[in-house]
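Undergrad: One structure, as structure tokens, below. Some questions next.
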Amino acid sequence: MVMIRNLSRSLGRSAIAKTLLSPSNSGPSSSSSSAHSAIPLLAPLAGQRLRNNSAAFEPEFRDATTSTTRCLHSNASLGGGGGLPSSMRAAVFREPNKPLTFEEFHIPRPKSGELLIKTKACGVCHSDLHVMKGELPFASPCVVGHEITGEVVEHGPATDTKTIARLPIGSRVVGAFIMPCGNCSYCSKGHDDLCEDFFAYNRAKGTLYDGETRLFLRSSGEPVYMYSMGGLAEYCVVPANGLTILPESLPYIESAVLGCAVFTAYGTMANAAQVKPGDSVAVIGIGGVGSSCLQIARAFGASDIIAVDVQDEKVQKAKIFGATHAVNAAKEDAVGKIMEITGGKGVDIAVEALGRPQTFLQCVQSVKDGGKAVMVGLSQAGAVGEVDINRLVRRKIQIIGSYGGRARQDLPKLVRLAESGVFDLANAVSRRYKFEESNEAFQELNKGSIVGRAVVEIM
């Protein structure tokens, strides 16, 4: 959750839309990866335990930290491998509706085109929560966390000189949760958000793009899978294409939201919805992603910006982040109210950020003839949304899916927006938790008591 300051103080809306906030048409950058074969996102995998328990998520999240003994060496020699600590801790998901366990790992080692990052902060996201509740099948055990900032401490062997020059040892970085391989057919066209290797290996298998994890338990050598980079850990390995420099002027903690909440919202509004000045926009679900969608809609110069949620606190705060109207769907008909605000026409663009069949339908019903309904919220596996086919056909309604931004093109833009003050990162994070309090953070997220984004400090 981040605030966007009044752009008239420094940059006109049209200037922002034409430069930093316009959808990128730039080509791909240099990268490295392995072969890529398309594998379904949620395909069951032999030899991996996939969890799908739809039971109510009511775990007693208490401190499950294991006793550890760490041998930390001087930071002066970090980067060459010899000066790295002998072990690290990470938060491990093992089975649905159970607390994360804090376990000891060998320090992960990057391969070619990858970097080892000393993690400073990691955001707390509903995508991780879906995995922890068994709603999204994923290989287990795994380390969750996919929204990180940190420091580069090692390059993988044979990493190209351009990457080393762009991301030298000691660099402050922010990581995108979609880590593009750079080589597949989509990445070669600049569509990093559709990277074949990311979905075929990471989301389907819990590995990086050679089909192997980088995480191994110190006690037994057991492999542990990675949700994105497995960022809820003291160190993580990230493909270089998923990283960009974080300037000294931006704080580690608040900037973590750039890698998922803001990154996802930007992909939705810039690439999928292609919001233009004067567009009317409705956002259904005002969490970390939804609130960022409001802010980006305002930056693009949208006219009516309607926020919809069922919690009074979120509805009340929506106007801080750019909403011109706010609707509590628990107290009034959301679609009817949107129609009232827009004179019975509906909005040009509606965004669904909750991933529920009911809100999917509300999103489609809220758009005007020829409008765009953009779905960004993940749902429980197998959930199905309904649509009026005749209206879809006759009135040219567009239904568009959007998973995130394009790391190589969009993440540097978001950093520049934050650095220039268009994004006010001082108010980006509503709660902070210590590393050992990660379970409490997810428990509060599951209750719906976190407005915007929470971040775990790992420094």
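Undergrad: Please arrange HIS126, HIS146, HIS325 by accessible surface area, largest first, computed with a 1.4 Å probe and ligands excluded.
TA: HIS126, HIS325, HIS146
Undergrad: I'd like to check one number: the per residue accessible area of segment 149-231, probe 1.4 Å, reported in Å² as a whole number.
TA: Value for segment 149-231: 33 Å² per residue.
Undergrad: Here is a further query. Along segment 248-258, what does the Karplus equation 6.51 cos²θ - 1.76 cosθ + 1.60 (θ = phi - 60°) give for ³J(HN,Hα), rounded to whole Hz, x for Gly and Pro?
TA: Computed from phi, the couplings for segment 248-258 are 4, 6, 9, x, 4, 5, 5, 6, 4, 5, 5 Hz.
Undergrad: What aspartates and glutamates sit close enough to LYS447 to cross-link, taking a C-alpha to C-alpha distance under 12 Å and skipping anything fewer than 8 places away on the same chain?
TA: Candidates past the 8-residue exclusion: GLU58.
Undergrad: Follow-up question, since we're still on this one. Using a 1.4 angstrom probe, figure out how much accessible area segment 288-427 has per residue, in square angstrom, rounded to the nearest whole. Intermediate results must be reported in sequence, preceding the final value.
TA: Values: 5830 Å² over 140 residues.
In whole numbers, segment 288-427 has 42 Å² accessible per residue.
Undergrad: Can you pull the percent of segment 263-401's accessible area that's carbon plus sulfur, 1.4 Å probe, other chains left in place? Each step should come with its number before you reach the end.
TA: On the way: 2710 of 5560 Å².
Result for segment 263-401: 49 percent of the exposed heavy-atom area is carbon or sulfur.
Undergrad: Enumerate the amide H contacts of LEU208 below 5 Å, restricted to partners 5 or more residues apart or on another chain; note that Pro and chain-start residues carry no placed amide H.
TA: THR213, ARG214
Undergrad: List the lysines whose Cα sits under 17 Å from the Cα of LYS120, skipping any in the same chain fewer than 8 residues away.
TA: Within the straight-line cut-off, LYS120 pairs with LYS434.
Undergrad: How much length is gained if the chain between LYS189 and GLU340 is pulled fully straight, taking 0.36 nm per residue apart and subtracting their Cα-Cα distance, in nm to one decimal?
TA: Full extension of this stretch gives 50.2 nm more.
Undergrad: What does segment 375-417 give for Rg and for Dmax, in Å, if only its C-alpha atoms count?
TA: My reading of the Cα-based Rg and Dmax gives 15.8, 44 Å.
Undergrad: Further question: From the phi of every residue in segment 158-169, what ³J(HN,Hα) in whole Hz does the Karplus formula 6.51 cos²θ - 1.76 cosθ + 1.60 yield, where θ is phi - 60° and glycine or proline is x?
TA: After applying 6.51 cos²θ - 1.76 cosθ + 1.60, I find 6, 5, 5, 5, 5, 5, 4, 5, 6, 10, x, 4 Hz.
Undergrad: Kindly provide the GluC sites (Glu not before Pro) of segment 213-306 that DSSP labels as loop, not H, G, I, E or B, and whose Cβ sees at most 11 other Cβ atoms within 10 Å.
TA: Counting only loop positions with at most 11 other Cβ atoms within 10 Å, the GluC sites (Glu not before Pro) in segment 213-306 are GLU248.
Undergrad: Take the alpha carbon atoms of segment 172-187, find their center, do the same for segment 212-237, and report the distance between the two centers in whole angstrom.
TA: 19
Undergrad: Report relative contact order for segment 214-366 in percent, whole number only (criteria: Cα-Cα under 8 Å, sequence separation at least 6).
TA: 18
Undergrad: Would segment 263-401 count as rounded, prolate or oblate if I go by the C-alpha gyration tensor, calling it rounded below 1.5 in a/c and otherwise prolate when a/b exceeds b/c, oblate otherwise?
TA: Note, shape of segment 263-401 comes out rounded.
Undergrad: Pull out a ≥ b ≥ c, the square roots of the eigenvalues of the alpha-carbon gyration tensor of segment 400-441, then state rounded if a/c is under 1.5, prolate if not and a/b is larger than b/c, and oblate in the remaining case.
TA: It comes out oblate by the Cα gyration axes.
Undergrad: Still on this model: Work out, step by step, the length gained on full extension between ASN427 and ARG94: first 0.36 nm times the residue separation, then minus their alpha carbon distance; give nm to one decimal.
TA: 116.5 nm
Undergrad: Show which lysines lie in cross-link reach of LYS396 when reach means a straight Cα distance below 18 angstrom and same-chain residues fewer than eight apart are skipped.
TA: Answer for LYS396, where 18 Å is the Cα cut-off: LYS345, LYS368, LYS372, listed by chain and number.
Undergrad: Only residues of segment 125-145 count here: report those whose backbone N is under 11 Å from the spot 7 Å along Cα→Cβ of SER220, or say none.
TA: Answer for segment 125-145: 141.
Undergrad: Pop out the ³J(HN,Hα) list for segment 372-383 in order, Karplus 6.51 cos²θ - 1.76 cosθ + 1.60 with θ = phi - 60°, rounded to Hz; leave Gly and Pro as x.
TA: Taking θ as phi minus 60°, the curve returns 10, 10, 10, 9, 10, x, 6, 10, 4, 3, x, 5 Hz for segment 372-383.
Undergrad: Starting from the residue with the highest accessible area, list ARG406, ARG94, ARG394 in decreasing order, probe 1.4 Å. Mind dumping the intermediate values first?
TA: On the way: ARG406 40, ARG94 70, ARG394 175 Å².
Putting ARG406, ARG94, ARG394 in descending order of accessible area: ARG394, ARG94, ARG406.
The values are calculated or read from the model by the stated rules, or taken from the named source; none is laboratory data. This structure is a prediction, so every number in the text was calculated from the model and none was measured. Glycine also receives a Cβ, built like all others from the backbone with ideal geometry; neighbour counts cover every protein chain displayed. What goes into the accessible areas is simple: the full protein's heavy atoms, side chains included, and nothing from ligands, DNA or RNA. Shrake-Rupley method; radii C 1.70, N 1.55, O 1.52, S 1.80 Å.
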